[in-house]
Amino acid sequence: MPYVPHGPADIAAMLEAVGRDSIEDLFSHLPADVRLQRALDLPDGLSEQEVRDEFRRLAARNHGQTELVSFLGGGVYDSVIPAAVDALSSRSEFLTAYTPYQPEVSQGTLQAIYEWQSFICRLTGLPVANASMYDGATALAEALLVACTAKRRNRVVLPETLNPRHLRVVRTMLAHRGLELVVAPVGPDGVTDTGALAGLLDETVGAVTIANPNYLGLVEPVLKLGEAGAACGAAVVAAVNPVSLSVLRAPVEYGADLAVGEAQPFGIPCSWGGPLLGFLACSEAYKRRIPGRVVGRTVDTRGQEGYVLTLQTREQHIRREKATSNICSNQGLNALRATIYLSLLGPQGFLDLGEANRARIAAVRREVEASDGAHLPFAGPVFNETVVRLERGTAAGFRAHARARGVLAGIPLDGVAGCGPRDLLVAVTEKRTAAEIARWGELLRSYLADPAQEAS
């Protein structure tokens, strides 16, 4: 119902109840020099309908993925979301549920979290997963802290091909934890230089991170990288796009001790950048060090199956000095959405999803190969993203050219992993149609054909 403010009689009654004669008298205990001493300088108020109209006007200035065709990626992807995900996750028993502190009244929420953990274990091949994390970036930082604490070592090796936003978050979160961050350089083929990485590893390294696929969309030489990390006694941390696990090796297959990633493609809209959904899985050796919560399945005294919070290592649940993290949310609603999404797909549907991503990025690469003035700088296998290098013009220029025609063409890569101003990161998901990919190719060729680009 519309908001109805207090009338004079209501205000008088409340003042009488607290023993004050006026609003001014109510605040008389405050020193005069901290009070405004004049009316607020605000414009006249608007009616309810006028406010609605103003918000509609402002909202119309936004152009999202319902109006624009998106080839953006870099960690957040425009994917198909089945209607059942919205319908089920918006049910009041899920939408309004809070943290499941009391298992006897939280069985539905606890079971949903347990199923989410089970999915992550199946995808990564690792035996333990926590409830969930804020996002992929903070999940990586937490995993590195877990690894270095367990190993009692103070150096972390990260690949230059890691998502640059994740790298910034890791630097921030580890800045005052006494850990040294070392970046392994990218090679000329767009993946981590294994020789250079090996030269950085010694007995002081607690964790080696493998980003697969990497930020440039390329599949890393994970077996060699995993072997190098294990050889120096470091924990191997895999940072993965979970959709890629439909067709690529599971982290456990290349020796990962911990695996993290961003699960936004599993039924969560892009939403202007968030909220997101991180995940973290680990081997048995690290299960008592991981942050957040772990939900377990048990049997009660009557033999009935039930779910409980088995492990709670955050500072609100145990002594502060014993906590492994101060993470205070398990992103439960987004984890529920991802669980519903994966349940709807099933094993074969998940495999089909990965193949659809592979087929579409192959179609984009064919469009590039058919264009005069652009090429693919890296020949290695990719998943659902690829780098396109323009031979004239700039990536930012092409982006503006396509944006003016209703297409978000990709992300300029200048300064990222050895890339320059002519490099563009292009992503596709199962949502992109053959016609949309062909349109992207037409826009690329029309931009390159502009004589103005010849001098660039």
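Remarks
- Inter-residue pairs, beta-carbon under 7 Å, first on the phi < 0 side of the Ramachandran plot and in segment 343-359, second loosely packed, with under 14 Cβ neighbours inside 10 Å, 6+ apart: L344/P82; L344/A84
- Qualifying residue in segment 86-101 (condition: on the phi > 0 side of the Ramachandran plot, surrounded by fewer than 10 Cβ atoms within 10 Å (Cβ to Cβ) and not acidic (D, E)): no
- Among residues of segment 364-373, those that are touching a residue at least 40 places away in the same chain (Cβ under 8 Å) and out of contact with any Gly (no Cβ under 9 Å at 6 or more places or on another chain), counted: 1
- Here segment 290-300 is the region considered, the condition is being surrounded by fewer than 18 Cβ atoms within 10 Å (Cβ to Cβ) and not hydrophobic (A, V, I, L, M, F, W, C), and the residue that is farthest from A131 (Cα to Cα) is D300.
- Selection status of P188, part of a loop (DSSP other than H, G, I, E, B) and modelled with pLDDT of 95 or more: yes
- Residue match in segment 202-217 (condition: buried (at least 23 other Cβ atoms within 10 Å of the Cβ), among the charged types (D, E, K, R) and in a loop (DSSP other than H, G, I, E, B)): no
- Just one residue in the set L88, L58 is outside the structural domain of L353 (by TED's automatic domain parsing), hydrophobic (A, V, I, L, M, F, W, C) and touching a residue at least 40 places away in the same chain (Cβ under 8 Å); that residue is L88.
- Residues that are outside any helix (DSSP H, G or I) and buried (at least 19 other Cβ atoms within 10 Å of the Cβ), drawn from segment 354-377: S371, A374
Per-residue answers, yes or no, for (1) over 26 Å from R165 (Cα atoms); (2) touching a Leu at 6+ places or on another chain (Cβ under 7 Å):
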| position | (1), (2) |
| --- | --- |
| L351 | yes, no |
| V368 | yes, yes |
| L376 | no, no |
| V382 | no, yes |
| V388 | no, yes |
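- Within segment 67-75, the presence of at least one residue that is over 29 Å from V170 (Cβ atoms), at pLDDT 90 or above and either more than 20 Å from the chain's Cα centre (by Cα) or not hydroxyl-bearing (S, T, Y) (or both) is confirmed.
- Against the numbered list (1) in a loop (DSSP other than H, G, I, E, B); (2) at pLDDT 90 or above; (3) surrounded by 19 or more Cβ atoms within 10 Å (Cβ to Cβ), G303 comes up short only at (3).
- Hits in segment 148-185 - residues which are in contact (Cβ under 8 Å) with a residue 40 or more places away in the chain and part of a helix (DSSP H, G or I): C148, T149, A150, K151, P164, R165, H166
- Filtered by the rule that a residue be assigned to a helix (DSSP H, G or I) and surrounded by 11 or more Cβ atoms within 10 Å (Cβ to Cβ), segment 24-55 gives D25, L26, V51, R52, D53, E54.
- Any hit, segment 274-288, residues being closer than 21 Å to L342 by Cα, surrounded by fewer than 24 Cβ atoms within 10 Å (Cβ to Cβ) and aliphatic (A, V, I, L, M): yes
- Members of segment 389-414 found to be in a loop (DSSP other than H, G, I, E, B), touching a Gly at 6+ places or on another chain (Cβ under 9 Å) and crowded, with 20+ Cβ neighbours inside 10 Å, listed by number: G393, G410, L413
- Pairs with Cβ under 6 Å, 6+ apart, first in segment 270-288 and not assigned by TED's automatic domain parsing to the domain that holds H166 and of a type outside the set (S, T, N, Q), second at pLDDT below 90 and surrounded by 14 or more Cβ atoms within 10 Å (Cβ to Cβ): none
- Residue in segment 137-154 that is surrounded by fewer than 14 Cβ atoms within 10 Å (Cβ to Cβ) and either farther than 22 Å from I290 by Cα or not assigned by TED's automatic domain parsing to the domain that holds V416 (or both) present: yes
- The one condition in (1) part of a helix (DSSP H, G or I); (2) surrounded by 10 or more Cβ atoms within 10 Å (Cβ to Cβ); (3) aliphatic (A, V, I, L, M) that L58 fails to fulfil: (2)
The values are calculated or read from the model by the stated rules, or taken from the named source; none is laboratory data. Bear in mind the structure is a predicted one, so any value in this text is a computation, not a measurement. As a convention, Cβ positions derive from the backbone with ideal geometry for all residues, glycine included, and neighbour counts pool all protein chains shown.
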